[in-house]
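**Student:** Sharing a structure, written as structure tokens. Questions coming.
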Amino acid sequence: MNNGPEKRCWNVLWMLPDILCLHGGRGDAMALARQAETFGACIDMRRVSRLSEHIDFLWADLLLFGPGELAALPAVRDALWKEQGALDEYLAAGKGVFCTGTTGALFAKETHRADGSVWEGLGALDMVCRERDMPYGDDLVFRAPGLDRAVCGVQIQMVDTELAEGQAPLGDVLYGRGNGAGSGGAAAAEGAVRTGLVWTNALGPVLAKNPWFTLWLMKRLLPGGEALPETDDDDVSVQWGLETESARAIWLFNEKKGKPHASET
Amino acid sequence: MANARQEKTKIGPRFLAALWVGKAAAAFARLVAPSKGSNLPGELALKLAPDMLTGFRGIDFEKAVFITGTNGKSTSTNLLAHIFRTAGRSVCANLEGANLKAGVCTALLKRATAGGRLKDEWLILEVDERSLAAIRAALPAKNLCVTNLQKDQVQRNGDPDYIYQKVKAAIAPDVTVYVNNEEPRSKSLERFAGTAVRFGVAAPVFRREDGARAEDPFAVTMPCPVCHDALDFGGYHLANVGPFSCPSCGFASEAAGDFVIENVDAEARTFTIDGAAYPMPYTAAHFLYNYALASAVALSNGIAPADIARALATFENIGGRFETFALADKTVSYVRMKQENPETLQSALDVIAADPREKVFLVGLDVVDDIVPAYSNTFYAYDCDFSAVARGVEKIICFGETVCYDVALRLRYAGVPDERVEIYETGDEDAILRAAAACKSQAVYLITLLKKFEKLRAHAGVAVHE
């Protein structure tokens, strides 16, 4: 973080946005920049555009991974592997990574494709992904620990994800499928988190639709972010009127549908 | 020459029973329920004979053309059939968009004799991407056209690669594939076919320059379908359609495709291919690729340029141009788009932005309820560029019971000042129309679902006079 005389500024590497480019995910990059400005801070965002490009982990405060195609993820993994452990060091230092959608499989131990093949992920999250025979799309609402408001989005699930025992989910599903098939209560788990690494199935774009979640992330993932205001700050709540109304309208819509469980989907 | 396998197929009583039931259903539907006539007869027939598609005789698969892809299937199929018919060829085609197995079966049984022999010389079928491999297994057409493979219907299709794999599975070395030279996924399928014919549009026509990328720090392109690295576009005719190259693996559009539209003159409404001039019935950029595809297939199969020109001069697209209705002193222009399909939404936005007048923009994206569960997806709006529309509007009215706030939020991210946006958390047609009527601009553009447009049109008179 560059602490200038007036404005805090964080460095964000937007990872391969032309490759991990699905589902309006660029809206999360827009939201990070906009929300930071709302709090009197700023985001210096740079792209890592190509697989062969050097990734400046030392410069970055946060790596942003948007949703991408399952088919592209092995190539993205190789691009990260070529940095010879730099990502491991980055994660070990507790620096921030935010990842959405199917790209979560990149950080899994392994992913089983529908054709029977298996590819090894980066292993930063202790979980296994299995490609679904058919995509599944629905609304997704979950609650993360320490966040007093629900996070509202949609999910396009290409893989089901099983978290290993001890692997913390990001939150609990209030409506939707979350990580999907699994035994017992696994259906209620949404996403995964390991120190500075946060992955969610939620699309939307989730950071644009849920500025309270964006703030929650910034406070936890960015150095010095804890100094940002609390979510119940009155002035901030006023600015979130549109997003609050959106969450309310969609909650009403979801209530009419009922709550799906993994066994039903 | 008729396909030998088909000629040798033994026509069993089950096939004939299914055929006659289907024919009876088609005749009944023509009289009683025309809207059911493009699908229901085939559905019934397939229930009686699930392998029915393999039973039709007299099909020359060298003269069978399948048209698949994300956008432009129906227009291209209609245009191609119109060209062949104008040139005096007899054609069996599914022109009403029924592109699954039942729709294909319906088209065939309607044009078959009582013994199951196809009466027509040519078979021109729009085929759904997900059904393509199964339909081609039963009807091994030798010509396959792929308009484009883009983001679409994510609840069903997931991501473009999911559909790409399904289309790829239908391509064999004995297939001639017609690919879009400027759409990377379509173009890349030529690797798997015996013969490839490339159609395209020369630059620069209706070109959205890549300058947008420089101005918009959040602009994104797409991964290379061959090596998955980021593609470079030299410009765009449409979203992610334009001259492209992959710096990593070298995959690229050709400098010139086999059939290239050139010299587009929007005022004179003409274009040329190989120096021959053709009329251009519709001038929106996406139509150029329909013209290019249909001309490529026709010219490759012996249709004369003069016949193509005659057909283009009389072609009427199934979706029409704009559909409009009057609202007080205003004209409301409805621009079609498909939910969860950013390319069609972007095309609609481009049409609106091209009107230099100050305008009112009514937008009701609504929840997606094609399949269960219905859901509130609007993220495809973030794949589109709203900035051009945002610059020329008096007011943007977001309506709908669930996602109106999300649409307004997208507009805020596009830089539209909040005071120019009105939100109506309702589907009430009168309320929406009164809000539009209260604005001073005479030009009103509407983007919403077709069924909502029809309700709004029906209420237009009531809203104004109350």
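**Student:** Quick check on A:Ala72: is it buried (at least 17 other Cβ atoms within 10 Å of the Cβ), more than 13 Å from chain B (Cβ to nearest Cβ) and more than 17 Å from the chain's Cα centre (by Cα)?
**Tutor:** No: the conditions fail for A:Ala72.
**Student:** Among the residues of the range A:89-115, count how many are surrounded by fewer than 20 Cβ atoms within 10 Å (Cβ to Cβ) and within 14 Å of chain B (Cβ to nearest Cβ).
**Tutor:** Total satisfying the criteria: 3.
**Student:** State which residue is farthest from B:Ala93 (Cα to Cα) when the search covers only the range B:144-157 and only residues that are in a loop (DSSP other than H, G, I, E, B) and away from chain A (no Cβ under 14 Å).
**Tutor:** B:Asn148
**Student:** Kindly evaluate A:Leu63 against the criterion of being surrounded by 22 or more Cβ atoms within 10 Å (Cβ to Cβ), within 30 Å of B:Cys249 (Cα to Cα), within 11 Å of chain B (Cβ to nearest Cβ) and aliphatic (A, V, I, L, M).
**Tutor:** no
**Student:** Ok, one more. Failed condition for B:Gln6, given (1) part of a helix (DSSP H, G or I); (2) surrounded by 15 or more Cβ atoms within 10 Å (Cβ to Cβ); (3) at pLDDT 95 or above, with all others met?
**Tutor:** (3) is the only condition that B:Gln6 fails.
**Student:** Just a yes or no: is a residue in the range B:228-241 surrounded by fewer than 15 Cβ atoms within 10 Å (Cβ to Cβ), of a type in the set (Ser, Thr, Tyr) and under 21 Å from the mean Cα position of the chain (by Cα)?
**Tutor:** Keep residues of the range B:228-241 that are surrounded by fewer than 15 Cβ atoms within 10 Å (Cβ to Cβ), which gives none.
For the range B:228-241, residues surrounded by fewer than 15 Cβ atoms within 10 Å (Cβ to Cβ), of a type in the set (Ser, Thr, Tyr) and under 21 Å from the mean Cα position of the chain (by Cα): absent.
**Student:** Just to check your reading of the model, which residue among A:Gly166, A:Gly146, A:Gly153 is within 30 Å of A:Trp240 (Cα to Cα) and surrounded by fewer than 24 Cβ atoms within 10 Å (Cβ to Cβ)? Step through it out loud before you land on a result.
**Tutor:** Values: A:Gly166 fails: within 30 Å of A:Trp240 (Cα to Cα); A:Gly153 fails: surrounded by fewer than 24 Cβ atoms within 10 Å (Cβ to Cβ).
One residue alone meets the criteria, A:Gly146.
**Student:** Tell me, please, whether a residue that is in contact (Cβ under 8 Å) with a residue 60 or more places away in the chain and within 26 Å of the chain's Cα centre (by Cα) can be found in the range B:397-410.
**Tutor:** no
**Student:** Assess whether B:Asn290 counts as being in a helix (DSSP H, G or I) and either at pLDDT 95 or above or in the same structural domain as B:Ser186 (by TED's automatic domain parsing) (or both).
**Tutor:** yes
**Student:** A further question follows. Any idea how many residues of the range B:361-396 are facing chain A (nearest Cβ under 9 Å), in contact (Cβ under 8 Å) with a residue 40 or more places away in the chain and hydroxyl-bearing (Ser, Thr, Tyr)?
**Tutor:** 2
**Student:** Among the residues of the range B:413-423, how many are in a strand (DSSP E or B) and within 12 Å of another protein chain (Cβ to nearest Cβ)?
**Tutor:** First pass over the range B:413-423, keeping only residues in a strand (DSSP E or B): B:421-423.
Among the residues that remain, those that are also within 12 Å of another protein chain (Cβ to nearest Cβ) are: B:421, B:423.
The number of residues fulfilling the criteria is 2.
**Student:** Among the residues of the range B:266-283, is there at least one that is within 16 Å of the chain's Cα centre (by Cα) and in the same structural domain as B:Leu79 (by TED's automatic domain parsing)? It would help to see each step written out before you state the result.
**Tutor:** Residues of the range B:266-283 that are within 16 Å of the chain's Cα centre (by Cα), as a first pass: B:282-283.
In the following step, the residues that additionally are in the same structural domain as B:Leu79 (by TED's automatic domain parsing) were identified as B:282-283.
Within the range B:266-283 (the criterion being within 16 Å of the chain's Cα centre (by Cα) and in the same structural domain as B:Leu79 (by TED's automatic domain parsing)), the answer is yes, since at least one residue qualifies.
**Student:** Cβ-Cβ distance below 6 Å, separation of 6 or more or different chains: which pairs start in the range A:154-172 with a residue that is within 14 Å of another protein chain (Cβ to nearest Cβ) and end on one that is aromatic (Phe, Trp, Tyr)?
**Tutor:** If the second residue must be aromatic (Phe, Trp, Tyr), the pairs left are A:Val154/B:Tyr375; A:Gln157/A:Tyr136.
**Student:** Could you go through the range B:68-88 and let me know if any residue there is of a type outside the set (Lys, Arg), in contact with a Lys or Arg (Cβ under 8 Å, 6 or more places away or on another chain), in the same structural domain as B:Trp20 (by TED's automatic domain parsing) and assigned to a strand (DSSP E or B).
**Tutor:** no
**Student:** Go through (1) in a loop (DSSP other than H, G, I, E, B); (2) away from chain A (no Cβ under 11 Å); (3) at pLDDT 95 or above and name the single condition B:Ala277 misses.
**Tutor:** (1)
**Student:** Given the criterion modelled with pLDDT of 95 or more, part of a helix (DSSP H, G or I) and either touching a Ser or Thr at 6+ places or on another chain (Cβ under 8 Å) or at the interface with another protein chain (Cβ under 8 Å from one of its Cβ atoms) (or both), identify the matching residue among A:Leu215, A:Leu207.
**Tutor:** A:Leu207
**Student:** May I ask you to list the residues in the range A:94-127 that are among the small types (Gly, Ala, Ser), farther than 20 Å from A:Ile156 by Cα and either without any contact (Cβ under 8 Å) to a residue 12 or more places away in the chain or not in a loop (DSSP other than H, G, I, E, B) (or both)?
**Tutor:** A:Gly96, A:Gly116, A:Ser117
**Student:** Go through the range A:14-42 residue by residue and tally those that are on the phi < 0 side of the Ramachandran plot, more than 9 Å from every other protein chain (Cβ to nearest Cβ) and surrounded by fewer than 22 Cβ atoms within 10 Å (Cβ to Cβ).
**Tutor:** 5
**Student:** When the residues of the range B:92-143 are filtered to those that are part of a loop (DSSP other than H, G, I, E, B) and aliphatic (A, V, I, L, M), which remaining residue is farthest from B:Ala296 (Cα to Cα)?
**Tutor:** Going through the qualifying residues, I end up with B:Ala114.
**Student:** Does the range A:128-138 contain any residue that is assigned to a loop (DSSP other than H, G, I, E, B) and either farther than 20 Å from A:His23 by Cα or not acidic (Asp, Glu) (or both)?
**Tutor:** No; the residues of the range A:128-138 include none that is assigned to a loop (DSSP other than H, G, I, E, B) and either farther than 20 Å from A:His23 by Cα or not acidic (Asp, Glu) (or both).
**Student:** Out of everything in the range B:275-332 that is at positive phi and of a type outside the set (A, V, I, L, M, F, W, C), what residue ends up being surrounded by the most Cβ atoms within 10 Å (Cβ to Cβ)? Talk me through it step by step, then tell me what you get.
**Tutor:** Within the range B:275-332, the subset at positive phi is B:275, B:302, B:320, B:328.
Those left that are additionally of a type outside the set (A, V, I, L, M, F, W, C): B:275, B:302, B:320.
Numbers: B:Gly275: 8, B:Gly302: 9, B:Gly320: 11.
The selected residue is B:Gly320.
**Student:** Restricting to the range B:66-97, and then to whatever is crowded, with 24+ Cβ neighbours inside 10 Å and among the aliphatic types (A, V, I, L, M), can you tell me which residue is nearest to the chain's Cα centre (by Cα)?
**Tutor:** Here the residue is B:Ile67.
**Student:** From (1) in a helix (DSSP H, G or I); (2) free of Cβ contacts under 8 Å to residues at least 40 places away in the same chain, pick out the condition that doesn't hold for B:Thr426.
**Tutor:** (1)
**Student:** For the range A:25-53, which positions are more than 15 Å from A:Gly224 (Cβ to Cβ), modelled with pLDDT under 95 and either part of a loop (DSSP other than H, G, I, E, B) or polar (S, T, N, Q) (or both)?
**Tutor:** A:Gln35, A:Thr38
The values are calculated or read from the model by the stated rules, or taken from the named source; none is laboratory data. Bear in mind that the values here come from a model prediction, so they are computed numbers and not experimental data. When we count neighbours, we look across all protein chains shown, and the Cβ atoms used for this are built from the backbone with ideal geometry, even at glycine.
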